[in-house]
Each structure stands twice: as structure tokens, then as C-alpha cells.
Amino acid sequence: MYLEIPRKFGAIVHQAQQVARSVFRPISRKYDLAEHAYPQELDMFAAIMDGMNDGAADGGAGAGKLARSGGKPSEGNVNGTNMKTVLGLTELCWGDVGLALSIPRQGLGNSAIAAVANEAQLARLGNTWAAMAITEPGAGSDSAAIRTTATLDGDHYVINGEKIYVTAGERANAVVVWATLDRSKGRAAIKSFVVEKGTPGMAVVRLEKKLGIRASDTAAIRFDNCRVPKENLLGDPEISVDKGFAGAMQTFDNTRPVVAGMAIGLARAALEKTRELLAPVGLEPDYQLQTWQQPAVIRELQLLEAELEAARLLTLRAAWMADNGQPNSKEASMAKAKAGRVGNAITLRCVELCGSLGYGETELLEKWARDSKILDIFEGTQQIQLLIIARRLLGKSSSELK
Amino acid sequence: MTRDPIGLALSLMNRVAGQAWLDRLGLRPVVEKTAYQGTRAGFRTLALAGREFRRVNEWLPKQRLPAKAPADLFNLTLDEDQQMIVDSLHRFARDTLRPAAAAADEAATIPAGLFAAAAELGLTLYAVPEAFGGVAETASPVTSVLIAEQLAWGDMGLASALLAPFSVAQAITRWGSGEQQSRYLPAFCEESPPLATIAIDEPTPLFDPLKPATSATVTGSGYCLNGFKSGVVLGAESDLILVAAELHGRPRLFLVETAGADGIRVKPDPAMGLRAAKLARLEFKDLRLPADALLGGDDFDYQAMLDLGTLLRCGLAIGSAQAVLDYVIPYCNEREAFGEPISHRQSVAFMISDLAIETDSMRLLTWRAAARAETGQSFHREACLAHLLCSEKAVAAGSHGVQLLGGHGFVREHPVERWYRDLRSVATLYGGVHA
């Protein structure tokens, strides 16, 4: 048993930290204020990231490289792509979550393609920048209730409906859209379709103004008789109770630890900044077993750090399980639930500890406290994670434990 | 809720028949129960006619267990030895500790065969180097944590009693001089090892283990010890007690043999929980100690000693929290209200999810600290973080456990009220443990 990050990932962590420090941080406030402006600084950086991945002997890292969990048990102990991606995103989000979400070709849609696409689709679509469109005005956490439809017409599917909260929906080159082939057949009929930018019938109707992650564009997209080639249906076109929806949901087993990692990077940034601001006042971190004799703020910092460390280790565990082909649905949700809530609590507490300095726009603490909220919502809210965990622990179906 | 027949029989008989059943079931207390009547009892002189540790003229050079090499990769898999220990201790916890726990708590006593059974499992052997008769080849805090987890899953009070001698052996192995190791360690590998404990806590609020009020002064022939200790596991039963005391302004540990001692008084210190561990108060009044009673030499590190103790304390917390989780799941699935299992309600189900999340949080933080200690890396920060998290979450786990059973959780028919009391100790006590 050993719970340290392997030395071989030192380089990627260092690289990501450099990007976060030198590329993201300097423009972090700029794009928080200039919501919906495209951060052009990222184009060059994306090319560097592509280069890193293509050259990597072990398959690289990033949204499009996440392994499929629950696959074949591997030989021996593996620290692979899932852990590496978590570590990379953690560092990038130490810099800025909104900008990390805007890195070309690192969209959630890329993870979906990686998880369910067949070989031909991977070859054709693997290098596109794909956003993910699941949520609808009337269907949020209950994604099985989506109303967007896909109807087969010759060699094409015709898509109709409205999607909201599509991260990078305007900037991405394609959108992975969840739609149902037959609303009467429930979740088994839900499939995902790759719709490339510029396809007639697809239109971005609005960009949201948000609490946080303002550097990231969040689009509302309408599909009006939008025709896509039938080869763009990801995975198996048959309506099967066994595979269909479960396959799509499997994407989350891999992406949830990554989002948990994002919360961890953000919260760590807030904790570090708070310590930095407290140091001149003579309050340095001090680890003790009897914490009640310490100043309240020092005890609080130790507790926040412990919570963060717990979230970090739960996240590494979930990624490690995926790397080793172990089913990790429960553990991925545990990581996401813990990291989401402690990330939010830590950033809000850090604002409080720093007073008006924390609350003002001179520092980034107030921004981080706004950014952190989304990490406890997207990729499954806190409450959805708790449901998933509880169903697994208690052996309950979604119709029993609703 | 089903309950295994032995446990049910024990708790029923206990209510009507008082002490008589102890003899019938062969659970005779180690020391007469009358010795443990509660705080009304005054201090009495502690001079057990117990074991004497013979000084040896030719001692071996001091042994230090080497650290393991750090691994190349993150890995949560237990190795073969660890898995074997976990499996056998889980059976022991399930078949021996859990059935005895309710009665042991009720009578504040330890089933007579228990230490013998633990000796059969070779518990203390894992703490002693081969040169002194044990089986330890490397330092193994991770294994110690796993052991504590499993035993505490059975019962934290009994686990604390079993782990106190184990901890003393660990401490002497890690810190003792060659002479001290030669004198004490072989005894821990015998068929019936000595009872031993570590006395750190003192009866004062906000007690800081770094600043014991108990003090040692230098005399012509050694040391003179004065002060009070509270919450001492097996305090009245131990043949050997490691006592934390200030010497020249710094905290140290002293090896105190109780056989024929003059200057130690003891009284029961029964508490909210851990009742089977027979907590006691000790008073040291001008207790004369020989010069070689000071544990360790230049390499003694009091903070590291506390940190290693913390790892085992956290292990106890994890095991007990896991016991709560494993108990409430079937209970909430079977218990019906409003026409369906209460586990179908989110307010119930989410508490169980939180219990699982925080139990694993405690576990991973503790494992990481232990793995760092085991591979010779700094682990003070990690041990402190684990201790604080376990302190907070252990008490919440105990509370969730009772709450989920409602009124049934509040009565002693179910073990959750005991776990609630036991789990409060995690943030409260520092003594009795060393990984």
C-alpha cells in the first residue's frame, strides 16, 4: 500500500502547474470580467497540449484519453491515464477553472467519444473538440427524462429539441447530443450523437451569464430538423436495456474524478492564498494533535486541509480503480461528492477568513468562491452523487430509492 | 433486527442474573469486578504481585526495524501478509470480540480467555524484531493500522485492551535501548505476554500531550516521578506502564514496572465508553525509578511517538465507524415505516452515503500517513490531519448510527449506542496506543 503520487507523473504535474501559473493566473481576472470574450491566449497553449499527448508513450492524458472503467482487469498495478488526467486538471484548475474548461479539444464530449465510440468513430472524431449537451430546460439531474428526439430518416438521424448549459457549446467544433430514439422506451432509447459545428438546423441561441467560471462559454443550443449522418450515433444503435443508457452513464465514472480533481485544485489555490495573506499577521500553519489550544484560524486551516486531503485521496482512489479496470461507479461518486462540497466550503471559508480582502476583487478569493459552486453541480449534483452511492450501498434500484 | 443468539442470551441474562453467568460462560473477569465499582472507590495502592522483568547481564545491541522502500506507484492493494492478517483478525473480531462486546461493556471487564486468544493469534509478535523472539522484519505502521481497524470493528473497548500491550511492545521496539529491549521484548513473545499500557492523558481540560504536568526529577539513583494520569487503558492490570512525564522541561516516557512498586496508587476511571478497556486513574507519589527507566536515548522523538500513537487511534476510529456502516445498512433495509423500508427515503439514505464517504476519508488519510511512516518519510503533518479528521468524523459516525435506528438506537439492545460512546474517545484520549 502506498498513497503518494508516482514520480513519473512529476513532469506532467510540473508542466500543468507552469501553465496554470504563467498562462491562466495572469488572465484569470480579465476573462472573469470580460464574460463571453474568447480567451485567444489558449489557442497556442492547446497546440502545446496536443503535442504533449501525441508524443506520450503511455497514451497521454486529457479528456479524450480517459480509459473505460470496468474493463478488463489489468496485469499488475497501473497508474495510468485516468490518474494522470486528474492530476493535470487539478493543477490547471489551481490556475483557473473557467479557462481550464475552455482548452480546445479537452471537452466533456471528448470523454464521451473516448468512452463509447467504436474504432471508426474514434479515428474520425477523436481529434475534434467536442462539447456535451445533455441538460434541457425541463430535464436536469433526471437525464432519462430528456425530450430531444432523434428520428432515423434514410442515412440520417433528424434531431429536434433544445439543450442548455452546454459547456464550450459555442467554441467547440462539435457537440455530443443526448437524444431519444423513442420516448416510450425510456432510458434504453437514449443515444448520443455527434453534431458537427455548422450542421444546418443547429443554432446557438444564447450564452448564459453566470455566477462563476465566466471565462467558459455556456450555451443554449436549438436543434430544428438537424440532420446528422447515422454513423454519428455513438456506440450501439439498437435499443437495448442492458447497454444503452448505462453505457452513456459510464462516461461519468471516468469524468467525475476529473471534476473532483478540478475542485481540489481550486480549493488548494484558495487555501494557499489564505495562508499567504495570513503569514504577515504572524499566523503560520502549525500541525498539532491537540488543536484546541491553537488560534481558531489555525485550527480551521488544519481542518480544511484535512478535508481537502480526504477529497484528494478519494479522487486518486477512483482514478486508480479506473486505471486498473475495476468498476468504480460508487467510488467516483464518493470522490465527486466529497470534493464538490469541500471545494465549495473551503473557498467560501477562505473568503471569510480574509475578510474584506477576501471579499474584494483585488484578490481572486471571491472569484474562486463563485467558481467553486458549479463543481458541486455539473457532472451530477451533490445530491445525485449521494443517491448513486446510497443505491449501491443499500442495493436499491432507482425506482425504490428515488 | 436479528441478533446472534449468544449476544442476545448474554444481554438478557446479564440483566436478570448479574454476575453469576460470567462463570457459566467462562468469561471470568481478569480482576474481580468489585475492584471496578466506579468513581466512588478511592485510590488504592497498585503493587501487582504480577510479572517481574528480569534484568539481563548480556544484552543484545538495540534493534531498529528498517523502513520499507517507498513504492514507485500509488497502490491501494494490501500485500499478501497484510491480507492474511486482515482476514484472520476479521474472523476473530466477528466470532470472538463482537459476541463478547455487550457483556464486556456492561460489566466493564475483559473475558478471561481474550488475552490468551490474542496471544494465540500472535498479535504482539508483529511488534517485536526476530532477535527478541518476534516476527517483525520491518517497521509496519500500515499493518498496525489494519490490525486496529479489524479489532475495533469487533469492539473498540476490547480492541483498546488488546492493543495496549501490543503498543508498548511497538514503542520499546522503536525507541528502547538494547538493555531495555533485551529485558522486556522477549516477554511479549511468550505464551502469555505481560499486560502493559501507555499512560499519557491527565485529568485536565484541553490536555496537550506535549505538556504533561506529571514530572520526573533526577535523583542519585535515577528518577522520582510525581503526578496524575487518567483514562489509562488497563491501568490497574498492567505489569508495565509507559508513563509520559516532563523531564528537564521536555516530555519523555518512563518504563514503570508495577510489581512491588511503592508510590503508585490506582482507582477506576470508568468513562462514557471503552468500558471493557478498564480505564483507570493513576497517582504517582515520589515513585522511585532506576536510571534505566527512561525510554530511549538520543533518537527518542516524543512527537513521533505521539504521531505513531495517533495512527493506531485513527485505525480504531475507522474500524468502529465501519461497524456502524455495516450495521445500519441491513437495519435500514429491513426496518419499515409508512409502508416501505426506511432506506427508500433520501433523508435516511443520504446519511448512509455520508457515513460511507467519511469513513473512507478517515481510512485513506490514515493509510497515507501510515504508509509514509512505514517508508521512512516525514508524516507529522499527515498524522495530524488524519487525527483531526478522525476526531470530527468519528463522533459524527457514532451519532449517525444512533440516529438512523431512532429510539432503537438509544437502547442497549443494539450496539450502536455503545459505538456512539466509544467513538467519542477518538478526540479525547492520547494514551494506550503506538503503531
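The values are calculated or read from the model by the stated rules, or taken from the named source; none is laboratory data. Worth saying up front: this structure is predicted, and the values here are computed from it rather than measured. Here the Cβ is made from the backbone with ideal geometry for all residues, glycine too, and neighbour counts use every protein chain on show.
Things to note:
- The range A:132-159, residues that are assigned to a strand (DSSP E or B) and under 15 Å from residue A:233 (Cα atoms): A:132, A:133, A:149, A:150, A:151, A:152, A:153, A:156, A:157, A:158, A:159
- From the options B:265, B:313, B:252, B:288, residue that is part of a strand (DSSP E or B) and either closer than 30 Å to residue B:415 by Cβ or touching a helix residue (DSSP H, G or I) at 6+ places or on another chain (Cβ under 8 Å) (or both): B:252
For (1) buried (at least 22 other Cβ atoms within 10 Å of the Cβ); (2) not in a helix (DSSP H, G or I), each residue gets a yes or a no:
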| site | (1), (2) |
| --- | --- |
| B:367 | yes, no |
| B:378 | no, yes |
| B:381 | no, no |
| B:384 | yes, no |
| B:397 | yes, no |
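Conditions tested, residue by residue: (1) among the small types (Gly, Ala, Ser); (2) surrounded by fewer than 18 Cβ atoms within 10 Å (Cβ to Cβ); (3) modelled with pLDDT under 95.
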| site | (1), (2), (3) |
| --- | --- |
| B:266 | no, no, no |
| B:273 | yes, no, no |
| B:277 | yes, no, no |
| B:280 | yes, no, no |
| B:288 | no, yes, no |
| B:291 | yes, yes, no |
| B:296 | yes, no, yes |
| B:303 | no, yes, no |
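- Test: residue in the range A:234-253 that is away from every other protein chain (no Cβ under 14 Å) and at pLDDT 95 or above: no
- In the range A:369-394, the residues that are modelled with pLDDT under 95 form Cβ pairs under 8 Å with partners that are hydrophobic (A, V, I, L, M, F, W, C), at six or more places apart or across chains, as follows: A:378/A:259; A:379/A:108; A:379/A:252; A:379/A:259; A:380/A:252; A:380/A:388.
- Restricting attention to the range A:359-397, the residues that are among the small types (Gly, Ala, Ser), at the interface with chain B (Cβ under 10 Å from one of its Cβ atoms) and outside any loop (DSSP other than H, G, I, E, B) total 1.
- Scope the range B:342-381; condition β-branched (Val, Ile, Thr) and facing chain A (nearest Cβ under 9 Å); matching residues: B:348, B:352, B:357, B:375
- Residue within the range A:337-356 that is of a type in the set (D, E, K, R) and within 13 Å of chain B (Cβ to nearest Cβ) present: yes
- Filter result for residue B:259 (outside the structural domain of residue B:382 (by TED's automatic domain parsing) and either part of a loop (DSSP other than H, G, I, E, B) or hydroxyl-bearing (Ser, Thr, Tyr) (or both)): yes
- The set of residues in the range B:56-91 being more than 14 Å from chain A (Cβ to nearest Cβ), part of a loop (DSSP other than H, G, I, E, B) and surrounded by 12 or more Cβ atoms within 10 Å (Cβ to Cβ) consists of B:56, B:59, B:60, B:62, B:63, B:64, B:65.
- Residue match in the range B:334-341 (condition: facing chain A (nearest Cβ under 9 Å), touching a helix residue (DSSP H, G or I) at 6+ places or on another chain (Cβ under 9 Å), outside any helix (DSSP H, G or I) and not small (Gly, Ala, Ser)): yes
- Within the range A:274-288, the set of residues being assigned to a loop (DSSP other than H, G, I, E, B) and either within 14 Å of another protein chain (Cβ to nearest Cβ) or within 31 Å of the chain's Cα centre (by Cα) (or both) comprises A:284, A:285, A:286, A:287, A:288.
- The number of residues in the range A:295-314 being surrounded by fewer than 18 Cβ atoms within 10 Å (Cβ to Cβ) and at the interface with chain B (Cβ under 10 Å from one of its Cβ atoms) comes to 1.
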